[in-house]
Amino acid sequence: MAKILFSQYRHNDLHNLVNKLDKDYYSVLNTLCQTAALLIDELEGMEPQQSTLLYLSLSRKFLTQVNDLVMQRTAMLLPYAQELHSKESNGHDCSTCEGGCSIKHSSQLMGLKESHHRIKEILFRMHTVALPLYTDVEYPVQYKTLRNEMMLIDTALTELFYLEEASLIPKIMEAQKNIHAYN
């Protein structure tokens, strides 16, 4: 099933791909992060349990990183990809444009890959400190709900990273190559 769904992204041009990623992932992640942040606020307002404090702290840091990722994508990467698509469609050639391109093409992809690495590190740490929910200890309902929200975010990020690495990055690289963007 996922193979069929992911193939829908692969067959889009760069313009449609970034719009689809924005609608299907970036805005969804933003909503999931807002919900999780509210749960963390609730849990921190309750009498704290020592066993959950580390997870709450890492969750808050993780949400900050994911929010930064989404903001970076929507503020920088999506407009860059749209401009790149426009230049490619218009037959632009960066090697001959006057004054050189002001777009730092290579730094766009480096930022994308770097953000993947940071998020993956935090996800790994969160998995190591997450408490099993099947023990004899009774955790607040909000904690269990938070764990579910964090798993939804984890799943969405895993899918997003796959789509960015398998579809978005190759399409950006192809468009850069087509317009001779080597800076």
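Every read-out reported here was derived from the displayed coordinates using simple, explicitly stated rules and does not represent laboratory data. In this text the structure is predicted, and so the values were computed from the model without any measurement. Neighbour counts run over all protein chains shown; Cβ positions are idealised from the backbone, glycine included.
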First check a/c for the chain, with a ≥ b ≥ c the square roots of the eigenvalues of its C-alpha gyration tensor; if it is under 1.5, answer rounded, and if not, answer prolate when a/b is larger than b/c or oblate otherwise.
-> prolate
Over what distance in Å are the Cα centres of the stretch 139-183 and the stretch 32-76 separated?
-> 18
Gain on full stretching of the segment that runs from residue 110 to residue 67 - 0.36 nm per residue minus C-alpha separation | 13.6 nm
Projected label distance in nm at residue 53 and residue 166, using a 7 Å step from Cα toward the beta-carbon = 4.2
If each residue's Cβ is checked for other Cβ atoms within 10 Å, how do 150, 126, 173 rank with the fewest at the top?
-> 173, 126, 150
Residue span residue 13 to residue 117: 0.36 nm per residue of separation minus Cα-Cα distance leaves a gain in nm of 34.8 nm
Average projected area [Cα convex hull, the stretch 1-84], square nanometres = 7.0
